[in-house]
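Read-outs: derived from the displayed coordinates by stated rules, not from any lab. In this text the structure is predicted, and so the values were computed from the model without any measurement. Cβ atoms come from the backbone with ideal geometry, glycine included; neighbour counts cover every protein chain shown.
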Amino acid sequence: MHELNICVNLIRILEDKIYNALPPITRIKTVWLEIGQLAGIDLDAIRFSFPIAAAHSLAKDATLEIKTQAGSAHCHNCDKNVTIASLLTPCAICGQYNYTITLGKALRVTKMETE
Amino acid sequence: MCGYCGCGHEHKHEHDHAHDSRIMQIEQDILGENQRFADQNRAYFTQHGILTLNLMSSPGSGKTTLLVETIRALKHRCAISVIEGDQQTDLDAQRIAATAVPVVQINTGKACHLNAHRIGHALSDLAPSNNSVLFIENVGNLVCPALFDLGEKAKIVILSVTEGDDKPLKYPHMFAEASLMIINKIDLLPYVSFNVAQCIEYARRINPHIAVLQTSATTQQGLLPWCDWLLKTHAAA
Ligand SMILES: Nc1nc2c(ncn2[C@@H]2O[C@H](COP(=O)(O)OP(=O)(O)OP(=O)(O)O)[C@@H](O)[C@H]2O)c(=O)[nH]1
Ligand SMILES: [Mg+2]
Ligand SMILES: [Zn+2]
């Protein structure tokens with residue numbers, strides 16, 4: 001389950017950010033993520049793993065806010081941009097899979113709220 | 001402290017003044033650290049003319065067996081080395097070592113995939129020679145390894161016929177990332193219901209550009225086209 005590993009990386013990024021912050025930060029209250037629909041990440045697994053990864057950090061009681069990024073692709077047959085809900089979604093116009101993904105692979109932490 | 005990356009000991013000390021605002025903007029890729037190590041590995045491979053291939057599959061599809069046969073067939077034509085990834089044991093590294101090519105085993109413990117940082121360390125132990133071929137056998141898992149760039153030239157997914165022809169649809173991320181799909185254990189085709197054409201059609205739905213080869217690592221059927229693919233890719237690298 002790579003989601004746990006991803007949450008461990010996330011906590012490391014947050015701790016790096018607050019290291020030496022002035023005045024010192026005592027707790028991370030909220031963490032905002034942006035995760036693409038095509039990133040291969042299971043959001044439930046992220047929500048499950050986050051508290052485990054955060055257990056011994058200042059984020060241990062933090063709320064996780066996840067914004068999803070819709071998948072989008074450029075179809076080479078139709079020369080149009082189409083919405084792709086998963087890697088199994090064909091082009092909505094021609095029904096084929098001859099496209100290049102342009103959006104939906106984000107796996108980002110965008111901000112956090114601290115005190 | 002580790003010479004390769006200074007891991008764990010050098011944090012960037014960013015003085016964000018939290019009293020100005022309780023919201024801290026971050027905008028950072030969560031796998032950005034892995035990506036930086038992968039880029040570092042890739043630069044190393046390019047600089048030394050090393051063709052690196054990341055072999056991925058579910059457990060037991062025949063990665064090690066195919067590697068052993070490939071090494072036997074090719075080791076007199078090009079220098080080969082191997083990095084073996086498993087959660088536990090060095091059994092696979094022992095099998096590779098028996099072919100007398102350099103090999104390093106990485107045990108990932110609980111992690112279900114290799115990461116670029118561990119590969120960087122393995123490289124300093126292995127010291128693959130210039131213009132060689134480096135195989136990385138990833139941990140047996142059709143999901144997680146697909147997300148972690150190691151700096152390889154290409155990802156290869158191995159699917160054995162006993163696993164079923166529907167796997168490209170069930171694990172699309174792996175097949176989307178791979179440049180080549182090897183259908184292995186084709187000697188068992190008479191005994192299982194595995195539709196090769198259907199499997200290839202599924203894989204190309206996910207990835208129109210994926211190349212496909214069919215092998216049996218035990219009977220050596222299809223080994224020649226695979227070796228040709230390797231030598232051609234090596235020459236082009
Ligand atoms: N019939 C048949 N058996 C094969 C073939 N390739 C591998 N095997 C058998 O499949 C089993 C697993 O092979 P390995 O090479 O260890 O598979 P692996 O993918 O390296 O396994 P892990 O590293 O544990 O994920 C062994 O018993 C092999 O002998 C093949 O082409 N045909
Ligand atoms: Mg193996
Ligand atoms: Zn189309």
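Counting partner chain Cβ atoms within 10 Å of every residue's Cβ in A:99-109, what's the average?
2
For the protein assembly as shown, what is the charge dipole size about the Cα centre, in debye to the nearest 20, if Lys and Arg each add +1 at the Cβ and Asp and Glu each add -1 at the Cβ?
With Lys and Arg at +1 and Asp and Glu at -1, about 480 debye.
Using only Cα atoms, locate the centre of the stretch B:168-237 and the centre of the stretch A:68-99, then give the distance between them in Å, rounded to an integer.
A separation of 25 Å, based on Cα centres.
Report, in degrees rounded to the nearest 10, the 0 to 90 angle that the Cα long axis of helix B:196-206 makes with the longest principal axis of chain B.
Taking Cα atoms only, the helix is inclined about 20 degrees.
Between 0 and 90 degrees, rounded to the nearest ten: what's the tilt of helix B:32-47 against the longest Cα principal axis of chain B?
Roughly 60 degrees, rounded to the nearest 10.
Do the sum for chain A: with -39,500 (n - 2.57) for every DSSP H run of n ≥ 4, divided by all residues, what is the mean residue ellipticity at 222 nm, to the nearest 500 deg cm²/dmol?
Computed mean residue ellipticity for chain A: -8000 deg cm²/dmol.
Quote the FRET efficiency, to the nearest 0.05, computed for A:Lys67 versus B:Ala97 with a Förster distance R0 of 41 Å and r equal to the Cβ-Cβ distance.
Values: r = 49 Å, r/R0 = 1.19.
For R0 = 41 Å, the calculated efficiency reads 0.25.
Not counting the cut sites, what is the longest span of chain B without GluC sites (Glu not before Pro) that DSSP labels loop and that have at most 14 other Cβ atoms within 10 Å?
No qualifying site falls inside B:15-237, the longest such stretch.
Restricting to DSSP H runs of at least four residues, report the calculated mean residue ellipticity at 222 nm for chain B, -39500 (n - 2.57) per run over all residues, nearest 500 deg cm²/dmol.
-10000 deg cm²/dmol
For peptide A:8-18, what's the mean number of Cβ atoms from other chains within 10 Å of each residue's Cβ?
That average works out to 4.
Please give the charge dipole size of the stretch B:10-236, origin at the Cα centre, charges +1 on K and R Cβ atoms and -1 on D and E Cβ atoms. Round to the nearest 20 debye. Walk me through the intermediate numbers first.
Values: 19 positive and 24 negative charges, 136 e Å.
Value, rounded to 20: 660 debye.
Do any of A:Lys80/A:Lys111; B:Lys75/B:Lys153; A:Lys105/B:Lys155; A:Lys111/B:Lys110 go past 27 Å between their Cα atoms, and which?
A:Lys80/A:Lys111; A:Lys111/B:Lys110
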